[in-house]
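Trainee: One structure, pasted below without further comment.
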Amino acid sequence: MRFGIATYGFRPDHIVPLARHAESLGFHGIWLGEHILEPKEFESEHPHDEGKAVVPVHTRARTMYDMWTMVGGILGATSRLTVTTGIYLLPLRHPVATARAAITAQQIGGGRFNLGMGAGWWKEESENLGMPFEGRMKRYNESLRVLPRLFAGEWVANEGPAFPFQTLRVTEEPVHIPMIFGGTAPKALDRAARAGAGWYGPMVKPEESIALMNQIRERREAMGLTTPYSYQARVWGEPTPELMQPYLDAGFDTLVLPCETFQGRLAFDMTLDQKYRRLEQIARDMKLQA
């Protein structure tokens, strides 16, 4: 079993030292979410916030950072910790730029990087970056068609329509980059089963996570896919062995503690020293070994 923390919602200046401490305690990895901007006014609702009136922690500008800068900072500061983008907003960037950044991250980390991606839910964020929200799935799927070939070191051309480019390559040698998918809709689960090396679930109750995982497993079996696959759950509740057992029994291999659970009521005001003590407590409870 692998155990990690999702740090989106933390103070950005705490994340790299926190990653170093997590590595020293035996945590497997860090998961980095992202948003790029905070619109002053918006009507979009997060699909898993269940109508809450409070703005989700992940939409506040003080918790935002540049994804690739943070990935490189953590990989450069650690030697064993895995870094996963959970999730990277794929439709907001050109796929060639994404490939260039992901390959560099894998080279810096010596194989410790996973590209977790999704289409995004925040309409106003997409539109403020000049990307029509209604077209995000077309951009997403177009990027998915070319990314594996770019990672493989092939000469690639793309007719578009979203990201047309002439024949090019971004690496001479293949670079293995596991692609981890988010999403819970039927099409997203199909995509995760068919094209991914793993699935990273939302923060929902264990029974819902398990049901979604089983749907992906059934899809992979129907497709005859037998390649190794990682099922990663964002856990619901305090990370004690008893509460984590349903995830383990169901077959999840990776459990990720969300920032909301990690920080609790202290949220953004939690000091770095308090985060260290919290990590140490979790490591003891879960019997992690450095």
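The values are calculated or read from the model by the stated rules, or taken from the named source; none is laboratory data. These figures come from a predicted structure and were not determined experimentally. Methodologically, a virtual Cβ is constructed for each residue, glycine included, from the backbone with ideal geometry; neighbour enumeration extends over all protein chains shown. Heavy atoms of the whole protein, side chains included, go into the accessibility calculation; ligands, DNA and RNA do not. Shrake-Rupley method; radii C 1.70, N 1.55, O 1.52, S 1.80 Å.
Trainee: List, in order, the whole-Hz ³J(HN,Hα) value for each residue of region 281-290 obtained from phi through the Karplus relation with A = 6.51, B = -1.76, C = 1.60 and θ = phi - 60°; use x for Gly and Pro.
Mentor: Computed from phi, the couplings for region 281-290 are 4, 5, 4, 5, 4, 8, 6, 6, 10, 5 Hz.
Trainee: Would you list 179, 117 from the most to the least accessible area, probe 1.4 Å?
Mentor: Order by accessible area, largest first: 179, 117.
Trainee: What is the extension gain from residue 61 to residue 94, computed as 0.36 nm multiplied by their sequence separation minus the C-alpha to C-alpha distance, in nm to one decimal?
Mentor: 9.5 nm
Trainee: Could you check the spin-label model distance between residue 128 and residue 226? Points 7 Å from the Cα along Cα→Cβ, value in nm.
Mentor: 5.0 nm
Trainee: Enumerate by residue number the trypsin sites (Lys or Arg not before Pro) in region 236-290 meeting two conditions: DSSP loop (anything except H, G, I, E, B), and at most 13 other Cβ atoms within 10 Å of the site's Cβ.
Mentor: Passing both the DSSP loop test and the Cβ count: 287.
Trainee: Which of the chymotrypsin sites (Phe, Trp or Tyr not before Pro) across region 78-173 are loop residues per DSSP, with 13 or fewer other Cβ within 10 Å?
Mentor: Sites meeting the loop and neighbour criteria: 155.
Trainee: In terms of modelled amide H atoms, which long-range or inter-chain residues lie less than 5 Å from the amide H of residue 196?
Mentor: Hits under the 5 Å cutoff: none.
Trainee: If you average the sequence gap of Cα pairs under 8 Å that are 6 or more apart and divide by the length of the chain, what percent do you get for the contact order? Can you show the working numbers first?
Mentor: Values: 503 pairs, mean separation 59.8, N = 290.
With pairs under 8 Å counted, the relative contact order is 21 percent.
Trainee: Additional query: Return the long-range amide H neighbours of residue 88 (sequence gap of 5 or more, or a different chain), with a cut-off of under 5 Å between placed amide H atoms.
Mentor: 116, 117, 118
Trainee: Further question: Could you tell me the accessible area of residue 172 in Å² (1.4 Å probe, neighbours in place), rounded to the nearest ten?
Mentor: Approximately 150 Å² for this residue.
Trainee: Now for a separate question. Just by accessible area at a 1.4 angstrom probe, what is the order of 14, 176, 28 from largest to smallest?
Mentor: I get 176, 28, 14, largest accessible area first.
Trainee: Moving on to the next point. What net charge is computed for the residues neighbouring residue 223, neighbours being all others with C-beta under 14 Å from the C-beta of residue 223, Lys and Arg scored +1, Asp and Glu -1?
Mentor: Once positives and negatives cancel, what remains is +2.
Trainee: Classify region 217-265: rounded, prolate or oblate, from the alpha-carbon gyration tensor (a ≥ b ≥ c, eigenvalue square roots; a/c under 1.5 rounded; otherwise prolate if a/b is larger than b/c)?
Mentor: Values: a/c = 3.65, a/b = 2.39, b/c = 1.53.
It comes out prolate by the Cα gyration axes.
Trainee: Can you compute 3J(HN,Hα) from phi for each residue in region 15-29, using the Karplus curve 6.51 cos²θ - 1.76 cosθ + 1.60 with θ = phi - 60°, rounded to whole Hz and x for Gly and Pro?
Mentor: 5, 5, x, 5, 4, 4, 5, 4, 4, 5, 8, x, 5, 7, x
Trainee: Points 7 angstrom from Cα along the Cβ direction at residue 80 and residue 185: gap in nanometres?
Mentor: 4.1 nm
Trainee: Whenever you get a sec, compute what percent of the accessible area on region 156-264 sits on carbon and sulfur atoms (1.4 Å probe). Before the final figure, lay out the partial values.
Mentor: On the way: 2780 of 5220 Å².
It is 53 percent, rounded to a whole number.
Trainee: Still on this model: Please name which of 211, 107, 158 has its Cα lying farthest along the dipole of the chain towards the positive end, using unit charges on Cβ (Lys, Arg +1; Asp, Glu -1) and the Cα centre as origin.
Mentor: Positive-most Cα among the choices belongs to 107.
Trainee: Taking R0 as 25 Å, what FRET efficiency do you get between residue 205 and residue 284 from their Cβ-Cβ distance, rounded to the nearest 0.05?
Mentor: 0.50
Trainee: Once both labels are modelled 7 Å past Cα along the beta-carbon direction, what's the residue 37-residue 1 spacing in nm?
Mentor: 4.3 nm
Trainee: So, one more: I need the calculated FRET efficiency for the pair residue 240 and residue 172, taking r as the beta carbon distance and R₀ as 45 Å, to the nearest 0.05.
Mentor: Step by step, r from the Cβ atoms, then E = 0.40.
Trainee: When only Cα pairs under 8 Å and 6 or more residues apart are kept, what is the percent relative contact order across region 213-290?
Mentor: The value is 29 percent.
Trainee: Then there's this: Using θ = phi - 60° and the Karplus form 6.51 cos²θ - 1.76 cosθ + 1.60, what ³J(HN,Hα) does each residue of region 249-259 get, whole Hz, x for Gly and Pro?
Mentor: 4, 6, x, 5, 9, 9, 10, 10, 8, x, 4
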